[in-house]
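Colleague: Below you'll find the structure I mean.
Read the figures in this text as sums done on the coordinates, not as results from a lab. Remember, predicted model here, so these are calculated numbers, not experimental data. Virtual Cβ from ideal backbone geometry, glycine too; neighbours counted across all protein chains shown.
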Amino acid sequence: MAAITTIGAVAASLVVGASPAHAYGTLIVRYAVVDTDNCARLAGSLSVSAQGDYCVLNDSADDTFFHKDPGGVAIKVEEHDSNGMVAKQEFHPYGETLWVYDTRNDGDTVYTDVYANGFYGPYAPPGTSNTIDFAKVNLDFPEGRSIRLDVYDDAGPADLITSVGGGVA
């Protein structure tokens, strides 16, 4: 019986030891999947409103404006800790563009992979001394391609923070 307990303890320590480090600790993820025909939120909890030719999702960094795009579905993901937003990602179907943001100059960032009938990434903001850094990536997918954003705490990819799908180019 002692041998079984020892084997169990060793196995448990291997599982715990193999887990990646979390630079951010626990993050709260908020997101929206948005039909860009009519600005209807299809999933998630972020508020969406129609304003002219855009679907608007407000945030503390620079807000999000998805251009209306018949047949397109946009994705916005925000990561927050107890002090506010630390990062966000946006997939814009009009032009098939990914925007990745680091919204806090804290020496860390998140990485985003895109799955759309293939793997693209990892993408991350440039990491300057600015409070808010961003990168804009032209993905140029064919129309109708399904999109999923996977957000990681490192470029590995390991330490998955969230995975949000439902976008359509």
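Colleague: Of the options PRO126, SER163, TYR152, report the single residue whose Cα projects farthest towards the positive end of the charge dipole of the chain (beta-carbon charges: Lys, Arg +1; Asp, Glu -1).
Modeller: Farthest towards the positive end: SER163.
Colleague: Something else about it: Any chance you could check the Cα centroid distance between segment 78-144 and segment 38-71 for me, in angstrom?
Modeller: 17 Å
Colleague: How large is the convex hull of the Cα atoms of segment 74-147 per residue, expressed in Å³ as a whole number?
Modeller: 84 Å³
Colleague: What dipole magnitude, in Debye to the nearest 20, does the chain give about its Cα centre under +1 on Lys/Arg Cβ and -1 on Asp/Glu Cβ?
Modeller: Using only the charged Cβ atoms, the result is roughly 340 debye.
Colleague: Hey, another quick one. Which one is right for this structure if Rg/Rh (Cα atoms, Kirkwood Rh) is calculated from it: (i) 1.18; (ii) 1.08; (iii) 1.02?
Modeller: The value matching this structure is (ii).
Colleague: Can you compute the charge dipole magnitude of segment 61-124 about its Cα centre, using +1 on each Lys and Arg Cβ and -1 on each Asp and Glu Cβ, nothing else charged? Give it in debye, rounded to the nearest 20.
Modeller: Dipole of segment 61-124, to the nearest 20 debye: 220 debye.
Colleague: Something else now. At 7 Å along Cα-to-Cβ for each site, give me the label-to-label distance between SER49 and ASN130 in nm.
Modeller: Reported label-point gap for SER49 and ASN130 is 2.6 nm.
Colleague: Could I ask something else about it? Place a +1 charge on the Cβ of each Lys and Arg in segment 96-159 and a -1 charge on the Cβ of each Asp and Glu, then give the dipole magnitude about the Cα centre in debye, rounded to the nearest 20.
Modeller: For segment 96-159, the charge dipole is close to 200 debye.
Colleague: Could you order the peptides 134-142, 110-118 from most to least packed, using the average number of other C-beta atoms within 10 Å per residue?
Modeller: The most tightly packed comes first, giving 110-118, 134-142.
Colleague: Name the lysines eligible as straight-distance cross-link partners of LYS68: C-alpha to C-alpha under 18 Å, and not fewer than 8 places from it in the same chain.
Modeller: LYS76
Colleague: Where does each of 92-99, 74-81, 55-62 land if you order them by average Cβ count within 10 Å, highest first?
Modeller: Listed from highest to lowest mean packing, they are 74-81, 92-99, 55-62.
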